[in-house]
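Following: one structure in structure tokens, then a few remarks.
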Amino acid sequence: MNLKIKCLAYATLFVSASTSISAADLTKAYDMADATKIIEADLFAGPTKYTMPKSCNLNDKAAIARGEYIFHNLNGDQAKGNPPAGLAKYIEKKGKDGKVTKKPKQYGNCVACHNIEGAVGGGNIGPDLTSYKAIFIDTNARDHQFVYQKIADPRVDLANTHMTVNLTTKLMNEQEICDLTAYVVADKSKK
């Protein structure tokens, strides 16, 4: 008997034998992880209201440059050009074994959803931020705190947003949120 026929015969025997035997409940035969704890650890905290720190200097050219870099890049591996002072392409982390590992720094990639001055491939999913200062800040329709909050945790006033939750999830820190705010509200008409 060739191998193909033998395999077919064994498979037929196995299927016919298994249909006559009822399945046993094996859920008690092994330890099952408490998935509730795993799921709870993965959940976001609820929408969090933030106050822009007094240390945010929205007129600082270095902060605006960092904000621009964060806005237009996704991560350190693919970031264009060298980051300005205060930013790095990689985060170094020391493990329990003492070894230092480098992983790419996750940036905003805001340009994937928002258009703004100088955007290459600016998205059209989120609001267009071109001339934001003139349209919203100078007219007092919005203030700096509004922009800071939107970048930090946009769910405070828009529960079903698709925008990243940057500060609550610790994707970014307070200074990076300040830098992005500085860039968005900066007068870019003189560039």
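The values are calculated or read from the model by the stated rules, or taken from the named source; none is laboratory data. This structure is a prediction, so every number in the text was calculated from the model and none was measured. Note that each Cβ is placed from the backbone with ideal geometry, even for glycine, and that neighbours are counted across all protein chains shown.
The set of residues in the stretch 30-64 that are small (Gly, Ala, Ser), at pLDDT 95 or above and either over 27 Å from Thr161 (Cβ atoms) or under 20 Å from the mean Cα position of the chain (by Cα) (or both) contains only Ala62.
Matching residues to (1) assigned to a strand (DSSP E or B); (2) in contact (Cβ under 8 Å) with a residue 12 or more places away in the chain:
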site	(1), (2)
Tyr69	no, yes
Asp77	no, yes
Pro83	no, yes
Gly86	no, yes
Lys93	yes, no
Lys103	yes, yes
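Taken across the stretch 139-154, residues that are over 18 Å from the mean Cα position of the chain (by Cα) and either among the aliphatic types (A, V, I, L, M) or buried (at least 18 other Cβ atoms within 10 Å of the Cβ) (or both) do occur, with at least one present.
So that you can scan it fast, the table gives a plain yes or no per residue for (1) out of contact with any His (no Cβ under 8 Å at 6 or more places or on another chain); (2) loosely packed, with under 10 Cβ neighbours inside 10 Å; (3) under 20 Å from Val185 (Cα atoms):
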position	(1), (2), (3)
Lys89	yes, no, no
Ala112	yes, no, yes
Asn115	yes, no, yes
Asn124	yes, yes, yes
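Among what's in the stretch 29-75 and is aromatic (Phe, Trp, Tyr) and within 28 Å of Tyr148 (Cβ to Cβ), pick the residue that is surrounded by the fewest Cβ atoms within 10 Å (Cβ to Cβ). If we take residues in the stretch 29-75 being aromatic (Phe, Trp, Tyr) and within 28 Å of Tyr148 (Cβ to Cβ), then Phe44 is surrounded by the fewest Cβ atoms within 10 Å (Cβ to Cβ). For Lys94, indicate whether it is under 15 Å from Asp179 (Cα atoms) and more than 22 Å from the chain's Cα centre (by Cα). So Lys94 fails the test. For the stretch 128-180, residues that are touching a Leu at 6+ places or on another chain (Cβ under 9 Å) and in a loop (DSSP other than H, G, I, E, B) total 6. Of everything in the stretch 155-191 that's more than 21 Å from Asp42 (Cα to Cα) and hydroxyl-bearing (Ser, Thr, Tyr), which residue is surrounded by the fewest Cβ atoms within 10 Å (Cβ to Cβ)? My answer is Ser189.
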